[in-house]
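Below you'll find the structure, written out as structure tokens, and then a few comments.
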Amino acid sequence: MKRLVCLVLALTLSLAMYSVVANAEQKTVNFLHWRTEDVDTYNQIIALFEKEHPDIKIVMDVPTQTYEEYYTILKTRVMGGGEDLDVFAVHPDANLKLYAKNGTLAPLTDLTVLPKLNAGLLDAGKVDGTLYAVPQAMNLEGMIYNKKMFKDNGLEAPKTWDEFINCCKAFQAKGIAPISIGVGDKFPPVWLLIQFLDEARDWDWFKGIDTGKLLYTDEVFKEVLSGIQEMKPYFVSGFEGTSYDQSITLFANEQAPMLVCGTWVVGQLASLNPNLEFGNFTIPYPHDKYATRPNLNPAQCFGIYSGTKVMDEAKLFLNFLCDTEAMTLYGNRSIQAVVNTEVKLDLPALNDIVEQAKAGVMSNHYNTEVPKVEGLNQEIAARAALGDDVGTILQEAQDELDLVIGR
Amino acid sequence: MTTVNRARRKNNLQYLLFVALPLAVYAMFFLYCNVNTLFLSFYSWDGLGEKLYVGLKNFTDIFTKSRAFSISLKNTILYTLVLTVFQNLFGLILALFLSKDSRLNRMLRTAFFLPAIFSSVAIGFLWGFIYDPNLGILNKLLEALGLGALRHAWLGEPSIAIYSIAMVHVWVGIGYSMVLFIAGLQQIPEELYEAASIEGAGPWATFSRITMPLLRPTVLTLVVLCTIGSFKAFDYVYILTGGGSVGGKAEVLATLIYKEGFAYSRLGYSASLSMVLLVVVSVISLLQMYLLRDKD
């Protein structure tokens, strides 16, 4: 018995030692992002990569989908020395600038896949002219709408503000709450703010927020928040406490014909209700003061940690991730428009998005280096949706921003 | 050296060895962290680049300019009041009913104590569903009872969100207060109640003249613990509102500290908020201990 136990122990130890040695020959690349809904898709892409490169193992980590939580986790890993940080996702906003300027992100100018990517969208990943992060997908913010419910009520996707309000009134008259929105999670109303600001102003304008050249108390913000408040009567009952996920569920269950969300939700809607006929439209600017134009939002951008010990392997993986095969798989499975210009996707809705994107403008709210601006944008939009006084909201937001920028 | 001194030194060394590890853990995870935080509070730092010394600027910003601090302090105080009063009041009521030893009482005590041992994350998600304005059981129940007018967006309406969250914490903590009160009640000698009964004291007189005074140490302990716990409250607020959402009106100090530090990369400012929280909690706890001390 004693001999048997010793034999089993010896075998176990040998197997363990073998796996250590075997794995020691394999390089590990850690892959961090927030797209919880794309885990299966990325697993497929990783499997394809590892088949081509058996000496490289990709360890994917998707700890959260929440913006604040993700950056908490990322920051603690960077501050902890970045031991398990190689390829990671970053938004092309103040966080990209922060991590690039602090030397956390490695320059990516030598990636071989770059010529295949949409050059305009690549600008989103640049800081002071150097590329630090590569966008994989793009989204449009706007209104997702139920085509069948619109058609059944004799309506079409609105092209003007009046048409939009009339659609809302028509649904409301029939006892249908027109707009599903998850104000309970604070961030959905900001998509209305962002969209309206992109229709009103261009990319360079928003940069002024960092220095006080642009103030929250400026007239355009008042117009935009007032526009959000004009939409408030058409929000679903209990919108104040409805979470983002619940708002999607309400729309997927056809309890509301419109959903405030970006096109990143297309895949989720398709899986929640495969029979759902839906599309998206850009919400016209309040009272059509500015022309309707879609805004381009690069989705997750991927960068490489400058202190990684597997730089070559990380670049190899990033090239693969953004190349045609992986992006086609990603675009078709996650149902998102991708940045690789060689990709042809199966779903017509995605091609619609790509078509709309041709007339789109880069969303200007990314053009800031102050992380708090994102939080303040969310707060002013959420408070406007709740009906707070617009002047008070904006003054208080500016006061908070002044503390940060030292104005 | 005498034998006695040698033995004493040997004993002292043994005592020191026993406390060395907990002391080391305390020094590393409490003292070092707090001293580090204190130093950081005088700097501006984004967590990645160089620290910039700003002196008292963070503190002056907090007390003179920050609206977010005022709101979060107010919400924290409201949260504390609700938690301290209701958790201990309901806990005391349950304790009075369940202090006698019986099979039924033991089962009920266990049932009421269970929420205290569940994961706060699980409880937060559970109550998130209960409070859902469209699909949640609370509003559905109110409708079914013909009380549809009382339906609310419990976590969305700024005027009630903080109270809704505090009541979740109350629900979790009632069992804990109940257990401590039961322990306190069982310490009270039975003879005192017999003597009171002989003297003709009614239930209220018995409760106010015998039970409550003798429960004072338990009350003090629970009030101080509830105060400290609620000033640090983070998990239920964060999980139920995504970090004090509803336009920041359910923000409490702990969520503000977290967001300023990690979401907005203002670690120096966040550290100064932590120091303010430490001082506030210390002052309030000392004040409570003074006011509720045994004056005899």
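Structure data summary
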{"read-out": "The range B:187-296, relative contact order [Cα under 8 Å, separation at least 6], %", "value": "24"}
{"read-out": "Over 30 Å (Cα to Cα) - which of A:Lys207/B:Lys51; A:Lys309/B:Lys232; A:Lys51/A:Lys344 fall in this group", "value": "A:Lys309/B:Lys232"}
{"read-out": "Cα centroid separation, the range B:251-278 to the range A:316-357 (Å)", "value": "40"}
{"read-out": "Estimated dipole of the range B:69-291 in Debye, rounded to 20 [Cβ of Lys and Arg +1, of Asp and Glu -1, Cα centre]", "value": "300"}
{"read-out": "Amide H partners (placed H, <5 Å) of A:Val134, local residues excluded", "value": "A:Phe302, A:Gly303"}
{"read-out": "Average beta carbon contacts from partner chains per residue of B:261-269, 10 Å cutoff", "value": "6"}
{"read-out": "Karplus-derived 3J(HN,Hα), 6.51/-1.76/1.60, for each residue of the range A:202-213, Hz, glycine and proline x", "value": "9, 4, 5, 4, 5, 4, x, 5, 6, 10, x, 5"}
{"read-out": "Base-10 log of normalised Debye intensity for chain A (one unit scatterer per alpha-carbon) at q = 0.07, 0.10 Å⁻¹", "value": "-0.36, -0.70"}
{"read-out": "Of A:Ile380, A:Ile73, A:Ile248, the one that fluctuates the most in a GNM where chain A has Cα springs shorter than 10 Å", "value": "A:Ile73"}
{"read-out": "Residue with peak Gaussian network fluctuation, chain B [Cα springs, cutoff 10 Å], from B:Arg103, B:Arg266, B:Arg67", "value": "B:Arg103"}
{"read-out": "A:Gln255 paired with B:Phe30, simple spin-label distance in nm, labels 7 Å along Cα-to-beta-carbon", "value": "4.8"}
{"read-out": "Cβ-placed point charges (K, R +1; D, E -1), dipole of the protein assembly as shown about Cα centre in debye, nearest 20", "value": "2540"}
{"read-out": "Residues with amide H under 5 Å from that of B:Ser44, placed H, sequence gap 5 or more", "value": "B:Leu52, B:Tyr53, B:Val54"}
{"read-out": "Value of relative contact order over the range B:104-151, rounded to a whole percent, pairs C-alpha under 8 Å and six or more apart", "value": "17"}
{"read-out": "Phi-based couplings in Hz for the range A:239-245 (Karplus 6.51, -1.76, 1.60; Gly and Pro marked x)", "value": "4, 4, x, 7, 7, 4, 5"}
{"read-out": "Subset of A:Lys174/A:Lys232; A:Lys75/A:Lys116; A:Lys97/B:Lys259 violating a 23 Å alpha-carbon distance limit", "value": "A:Lys75/A:Lys116"}
{"read-out": "Cβ-Cβ FRET estimate between A:Asp352 and A:Asp389, R0 fixed at 30 Å, reported to 0.05", "value": "0.20"}
{"read-out": "Relative contact order of the range B:69-291, defined on C-alpha pairs under 8 angstrom at six or more residues apart (%)", "value": "30"}
{"read-out": "Within the range B:1-36, backbone nitrogen closer than 20 Å to the virtual label 7 Å beyond the Cα of B:Ile228 toward Cβ", "value": "B:22-36"}
{"read-out": "Neighbouring partner chain Cβ atoms per residue of A:182-189, average, 10 Å criterion", "value": "5"}
{"read-out": "Principal-axis tilt of helix A:67-79 within chain A, Cα atoms, nearest 10 degrees", "value": "40"}
{"read-out": "Long-range amide H partners of A:Ile56 with built H, under 5 Å", "value": "A:Lys27"}
{"read-out": "Charge tally in the Cβ shell below 11 Å around A:Gly241, where Lys, Arg are +1 and Asp, Glu are -1, A:Gly241 excluded", "value": "-3"}
{"read-out": "Per-pair calculated FRET efficiency, R0 = 35 Å: A:Lys289 and A:Asp152 via Cβ, rounded to 0.05", "value": "0.65"}
{"read-out": "Calculated from backbone phi, Karplus (6.51, -1.76, 1.60) coupling profile of the range B:104-120 in Hz, x at Gly/Pro", "value": "4, 5, 5, 5, 5, 4, 4, 4, 6, 7, 3, x, 5, 9, 6, 5, 5"}
{"read-out": "Simple Cβ-charge dipole of the range A:341-407, Lys/Arg +1 and Asp/Glu -1, about Cα centre, in debye nearest 20", "value": "200"}
{"read-out": "Burial ordering of A:Ser226, A:Ser247, A:Ser306, fewest other beta-carbon atoms within 10 Å first", "value": "A:Ser226, A:Ser306, A:Ser247"}
{"read-out": "Most mobile of B:Tyr79, B:Tyr193, B:Tyr176 in a GNM of chain B (Cα contacts under 10 Å)", "value": "B:Tyr193"}
{"read-out": "Cβ-based charge dipole, the range B:43-148, positive-most Cα from B:Ala116, B:Ile71, B:Leu145", "value": "B:Ala116"}
{"read-out": "Fewest-first sequence of B:Glu251, B:Glu190, A:Glu400 by Cβ atoms within 10 Å of each Cβ", "value": "B:Glu190, A:Glu400, B:Glu251"}
{"read-out": "Cα gyration tensor category, rounded, prolate or oblate, for the range B:69-291 with a/c compared to 1.5", "value": "oblate"}
{"read-out": "0 to 90° range, to nearest 10: angle between helix A:324-334 axis and chain A longest Cα axis", "value": "60"}
{"read-out": "Most positive-pole-ward Cα, B:Val252, B:Pro217, B:Val170, against dipole of the range B:69-291 from beta carbon charges", "value": "B:Val252"}
{"read-out": "Rounded Å value of the spacing that divides the Cα centres of the range B:143-166 and the range A:154-187", "value": "25"}
{"read-out": "Calculated FRET efficiency for the pair B:Ile93/B:Leu114, C-beta based, R₀ 22 Å, to 0.05", "value": "0.75"}
{"read-out": "Pairwise centroid distance, computed over Cα atoms, of the range B:211-243 with the range A:201-222, Å", "value": "44"}
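Any read-out appearing in this document is the output of simple, stated calculations on the displayed coordinates, not a laboratory observation. Just so we're clear, the structure is a prediction, and the values are computed from it rather than from any experiment. Using ideal geometry, Cβ is built from the backbone for each residue, glycine included, and neighbour counts are taken over all protein chains shown.
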